[in-house]
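Asker: Structure incoming, see below.
The values are calculated or read from the model by the stated rules, or taken from the named source; none is laboratory data. Keep in mind the model is a prediction, meaning the values are calculated, not measured. Neighbour counts are summed over all protein chains in view; Cβ atoms, including those assigned to glycine, are modelled from backbone coordinates with ideal geometry.
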Amino acid sequence: GVPGRPVQPAPGQPGGPPAGAQPPAPNAQPGAPQPDGTRNQGAPATAPNAQPGVPGRPVEPQGAAPDQRPNGRFDERDRDRDRDRRDSFNTPGRPGYVPGGFRQEDEDVRDYERIRRDRREFSEGGRTYIREPGRIIVRDRDGYFIRHDENERFRDLDRGRYRSERRGSETVTYLDRPGGEQIVTVVDDDGRLLRRSRRFRDGREVVIIDNAFGGRPRPIYEDVVVLPPPDIRIPRDRYVVDYEGADERTVYEALTAPPVVPIEGRYTLDQVRYSPQLRARMRSVDIDTINFDTGSFTVTPDQAARLSTIAQAINQAIRNNPQEVFLIEGYTDAVGADVDNLSLSDRRAQSVATVLTQQFQVPPENLTTQGYGEQYLKVNTQGPSRENRRVTVRRITPLIQQGQAQGEPPR
């Protein structure tokens, strides 16, 4: 957590979520005590239209006007799409509009006090959006969610080999590699990752992450998949591995193990990001040995060296399956303002991913990051806690690539 001046609440912001709205913590065993919810805000207890295994409607043909569908008919999908265009936060003519969702120069802002000063709030469609350098924070249904610039990490790696172009309402970026490979990323106007793939010199393209197969973008709370906590039948220390003192074999086992319970269907990356009980289907490694300075999201060299064991395990897993995807999750304790904790945790998770690539050559396309702030406390305390200030790494490949043949794009 980061002590400091609180973020000014938006008009009408409640003091906290309704009693009972906190979902079980992702790493909690059945029956374990949960945070009391007074500050530990999590995903909504219910999510309209969120159906496990049914991510959404098929994507409509792009460019078709409502009265020019192939069959010449207008239906509710056209109306939904047009409504979303009118009501979405980041569209031309709306307050705070930025093509692609983010400004490229935002990545150079490393001073957290400046990040705080640069925050701007907008209200659209009954939701509050807080735009800050490189991030959009959404306050919706008494919960906070954060979306970051999906390309920032790739620009940091090699600006000379990085380029981007606009295609309609999408931004396509390319990271060129020695040997002729390309990493191609597509984001929409809200900065939402749609697709990330690896393109080879011979023209073959392997999709690593397809976040758009579930249909049109939805409000974040509709991507929350409500599931019961998994029935954990393995020892606790194998389900959540404590990184401090763990050897590479133990870490590797946790990061390559199958789901602890069967997975039904295939989910989008956004559903995985925002659904704690869905993520809880996979084992994880908790790293609480990385200590960030107050108000900082920089990994110092001595701290970075501590990531060598998990980097070796991830690299071995990717050598065995080049399509593996690992989610790096950032958490804080409950000290400080909610928005500060959420922003810092997201930036710290991204910093860890950058270090894994720059210092240990972990392929960046196989990593994705998400911050959760003080949500899902590991230790139920509102005070300072090292165990709550952690980074968690888990394999999410079976969740987002269920049913795909290895080496082939999603169908």
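Asker: So, in the stretch 269-299, of the ones that are within 16 Å of VAL251 (Cα to Cα) and hydroxyl-bearing (Ser, Thr, Tyr), which residue ends up modelled with the highest pLDDT?
Answerer: Pass one, the stretch 269-299, residues within 16 Å of VAL251 (Cα to Cα): 282-289.
Those still in the list that are hydroxyl-bearing (Ser, Thr, Tyr) too: 284, 289.
Numbers: SER284: 97, THR289: 83.
The qualifying residue modelled with the highest pLDDT is SER284.
Asker: Does SER275 meet the test of being more than 23 Å from LEU356 (Cβ to Cβ) and among the polar types (S, T, N, Q)? Can you show your working first?
Answerer: On the way: more than 23 Å from LEU356 (Cβ to Cβ): yes; among the polar types (S, T, N, Q): yes.
Here the answer is yes, as SER275 does meet what is asked.
Asker: From the residues in the stretch 300-347 that are in contact with a helix residue (DSSP H, G or I) (Cβ under 8 Å, 6 or more places away or on another chain), acidic (Asp, Glu) and at pLDDT 95 or above, which one is surrounded by the most Cβ atoms within 10 Å (Cβ to Cβ)?
Answerer: GLU329
Asker: Here's another thing I want to ask about it. Quick one: which of PHE213, PHE122, PHE200 is of a type outside the set (Asp, Glu) and within 20 Å of LEU278 (Cβ to Cβ)? Steps first, answer last, please.
Answerer: Working: PHE122 fails: within 20 Å of LEU278 (Cβ to Cβ); PHE200 fails: within 20 Å of LEU278 (Cβ to Cβ).
Step by step, each of PHE213, PHE122, PHE200 is checked, and only PHE213 is of a type outside the set (Asp, Glu) and within 20 Å of LEU278 (Cβ to Cβ).
Asker: Another question, then. Can you pull out every residue in the stretch 141-168 that is in contact (Cβ under 8 Å) with a residue 24 or more places away in the chain and among the basic types (Lys, Arg)?
Answerer: ARG141, ARG147, ARG153, ARG155, ARG166, listed by residue number.
Asker: When the residues of the stretch 211-253 are filtered to those that are in a helix (DSSP H, G or I) and within 20 Å of the chain's Cα centre (by Cα), which remaining residue is modelled with the highest pLDDT?
Answerer: Quick first cut of the stretch 211-253, residues in a helix (DSSP H, G or I) only: 220-223, 236-239, 248-253.
The next check asks that each one be within 20 Å of the chain's Cα centre (by Cα); those that pass are 220-223.
On the way: ILE220: 76, TYR221: 76, GLU222: 83, ASP223: 88.
So the residue we want is ASP223.
Asker: Considering only residues that are acidic (Asp, Glu), assigned to a strand (DSSP E or B) and more than 30 Å from VAL224 (Cα to Cα), which ones fall in the stretch 144-181?
Answerer: Taking the stretch 144-181 and keeping what is acidic (Asp, Glu), we get 149-150, 152, 156, 158, 165, 170, 176, 181.
Retained after the next criterion (residues that are assigned to a strand (DSSP E or B)): 165, 170, 176.
Listed by number, the residues that qualify are GLU165, ASP176.
Asker: For TYR376, state whether it is of a type outside the set (D, E, K, R), in contact with a helix residue (DSSP H, G or I) (Cβ under 7 Å, 6 or more places away or on another chain), crowded, with 23+ Cβ neighbours inside 10 Å and free of Cβ contacts under 8 Å to residues at least 60 places away in the same chain. Even if it seems obvious, please write down each step before you answer.
Answerer: Working: of a type outside the set (D, E, K, R): yes; in contact with a helix residue (DSSP H, G or I) (Cβ under 7 Å, 6 or more places away or on another chain): yes; crowded, with 23+ Cβ neighbours inside 10 Å: yes; free of Cβ contacts under 8 Å to residues at least 60 places away in the same chain: no.
Considered against the rule, which asks whether it is of a type outside the set (D, E, K, R), in contact with a helix residue (DSSP H, G or I) (Cβ under 7 Å, 6 or more places away or on another chain), crowded, with 23+ Cβ neighbours inside 10 Å and free of Cβ contacts under 8 Å to residues at least 60 places away in the same chain, TYR376 comes out as no.
Asker: Only residues that are acidic (Asp, Glu), surrounded by fewer than 16 Cβ atoms within 10 Å (Cβ to Cβ) and touching an Asp or Glu at 6+ places or on another chain (Cβ under 9 Å): list them for the stretch 105-151, please.
Answerer: ASP118
Asker: Looking only at the stretch 115-143, count every residue that is of a type in the set (Val, Ile, Thr) and not in a strand (DSSP E or B) and tell me the total.
Answerer: First pass over the stretch 115-143, keeping only residues of a type in the set (Val, Ile, Thr): 115, 128, 130, 136-138.
Subset that is not in a strand (DSSP E or B): 115.
Within the stretch 115-143, residues that are of a type in the set (Val, Ile, Thr) and not in a strand (DSSP E or B) number 1.
Asker: Within the stretch 182-208, how many residues are outside any strand (DSSP E or B) and either of a type outside the set (Gly, Ala, Ser) or in contact with a Phe, Trp or Tyr (Cβ under 6 Å, 6 or more places away or on another chain) (or both)? Show your work before the answer.
Answerer: At the first step, the residues of the stretch 182-208 found to be outside any strand (DSSP E or B) are 188-192, 200-204.
Narrowing further to those that are either of a type outside the set (Gly, Ala, Ser) or in contact with a Phe, Trp or Tyr (Cβ under 6 Å, 6 or more places away or on another chain) (or both): 188-192, 200-202, 204.
Counting residues in the stretch 182-208 that are outside any strand (DSSP E or B) and either of a type outside the set (Gly, Ala, Ser) or in contact with a Phe, Trp or Tyr (Cβ under 6 Å, 6 or more places away or on another chain) (or both) gives 9.
Asker: Give me a count of the residues in the stretch 108-124 that are basic (Lys, Arg) and modelled with pLDDT under 85. Full working, then the answer.
Answerer: At the first step, the residues of the stretch 108-124 found to be basic (Lys, Arg) are 110, 114, 116-117, 119-120.
Then keep just the ones that are modelled with pLDDT under 85; that gives 110.
The number of residues fulfilling the criteria is 1.
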